[in-house]
Amino acid sequence: MTATNPGTELQALVSRAEDLAHDVTLRAVREWKAAEPSRKAIGYMPVYVPREIIHAAGMLPVGVFGAGESVEIVKGDAFFQSYICHIPRSVLDLALRGALDCLDGMLFPSTCDVIRNLSGMWQMLFPQKYVHYIDLPQDPSPGLGGAFFAREMRQIADDLGRMGGTPVTDGRLRASIAAYNENRRLVEELYQLRRSQFWLAPASEVYVLLRAGNVLPVEEHTKLLAEYLTLARQSGRHPVDMARVAIRGCFCEQPPVDLIRTLERAGCTIVDDDWLIHSRWPRGSVDAQGDPFEALSSAFLYRSPSCPSLYRAHERKGASLVADAREARAEGVIFASASFCDPALLDQPMTMAAVKQAEIPCTAFLYAENTGQFQPIREQAGTFADAIKLS
Ligand code: SF4
């Protein structure tokens, strides 16, 4: 019998995750639905939606995070002015081409005005599909914001239960919360591995692994994470000398994977980030014993990660970034925001001031999901890495 090589298995697993990460036309979702024709899939946009509710209705939650570099936008541009970010155009373009027609509905969280407008367009363009704009609570008190969000989630649960024929009972929702808790636990383990031994779990691999979770059932994604963790620890990869950096600003429109690789090639290893932040939202486990709607609501109020799209009156801007950077032993911070992203760019002066006050070196650049030119970013990141190493 031939012994299996963990390096080859790891390569195959990362390559599968990369295929899924680039699956913007949702081939994996179509295959999942074809296996049982009564199945339904519900898309969601960044930044946060309670995926547990979709799962409890027996449906597949599908992250719709833009088309990256893979699609030339033609129709999507006709719906938006020039000076906004790229993600709404590419998502709309995909939908108008029929690439998202396997989705039976879409959830649009209250991330920003762009996503709010997109939800209205969706309702007009695809009247046969279920569309819900999720108003996330602004008030942090349990009696007001908490009760409001629990009611909002019950409404979605009722809608999906009616649509798919599987009512979202408390028992089903608790089981879904447990499934996502396990997923978040492994994502956290992956982040811990990258923090402690980043050469075993490079950021570009961590990214495609998380992104694969946008189109896979949560149980399958959890299995993929567990396999990766085992193979990465057995890989025998050697330590390398790189500048440890945290990256912020990628919470909605995603950077191209090649941009992440460019940063790595320039000598920066990313030990903390905010991309695909929904996969780590909320921090820690959600209570899977009591009232599940109250549990999800309370986790959102008290254990959401800091994110520019989220209003939190009591938080000093930048304080959590400084804390995260210190915990990850980051030697520098890169502010990498999508061009024209209002929430990110309005936050940046305050978070950058906090980082500078903490005497953590930082640099900033803008990107678009279809950025194809990486040379200027490589030079900037290379200089930044050198400056960190020489200081
Ligand atoms: S990238 Fe920024 S502006 Fe664009 S949809 Fe996302 S949060 Fe809104």
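Tabulated values for the structure
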| quantity | calculated |
| --- | --- |
| Relative contact order [Cα under 8 Å, 6+ residues apart], the stretch 21-172, whole percent | 25 percent |
| DSSP loop trypsin sites (Lys or Arg not before Pro) with at most 16 other Cβ within 10 Å excluded, longest remaining stretch of the chain | 98-236 |
| Whole-Å semi-axes of the stretch 179-257's equivalent ellipsoid (Cα gyration tensor) | 21, 17, 11 |
| Neighbour-count ranking [beta-carbon atoms within 10 angstrom, fewest first] of I177, I87 | I177, I87 |
| Ascending count of other beta-carbon atoms within 10 Å, so fewest first, for Y367, Y207 | Y367, Y207 |
| Kirkwood Rh in Å, taken over the stretch 21-172 so that all alpha-carbon pairs contribute | 16.2 Å |
| Residues E182 and L125, FRET efficiency given R0 of 45 Å [Cβ-Cβ distance, rounded to 0.05] | 0.75 |
| Whole-Å distance, taken between Cα centres, linking the stretch 283-323 and the stretch 24-68 | 24 Å |
| Candidates S82, S285, S339, ranked by Gaussian network fluctuation over the chain, Cα under 10 Å, top entry | S82 |
| The chain - mean residue ellipticity at 222 nm from DSSP helices (-39,500 (n - 2.57) per run, n ≥ 4, rounded to 500) | -15500 deg cm²/dmol |
| Inter-part distance where the stretch 80-129 and the stretch 154-220 are each reduced to a Cα centre, Å | 23 Å |
| Contact order normalised by residue count of the chain, Cα under 8 Å, 6+ apart, percent | 20 percent |
| Residue order, fewest to most surrounding Cβ atoms within 10 angstrom, among H314, H86 | H314, H86 |
| The chain, Cα convex hull volume normalised per residue, Å³ | 143 Å³ |
| Gain upon complete extension [E219, E9; 0.36 nm per residue less C-alpha separation] | 73.6 nm |
| Segment T169-Q155, extension gain: residue separation times 0.36 nm, minus the distance between their alpha carbons | 3.8 nm |
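Rule-based calculations on the coordinates, nothing more; no lab input. Because the structure is a prediction, the values reported are computed rather than measured. Every residue, glycine among them, receives a Cβ derived from its backbone with ideal geometry; neighbour counts consider all protein chains shown.
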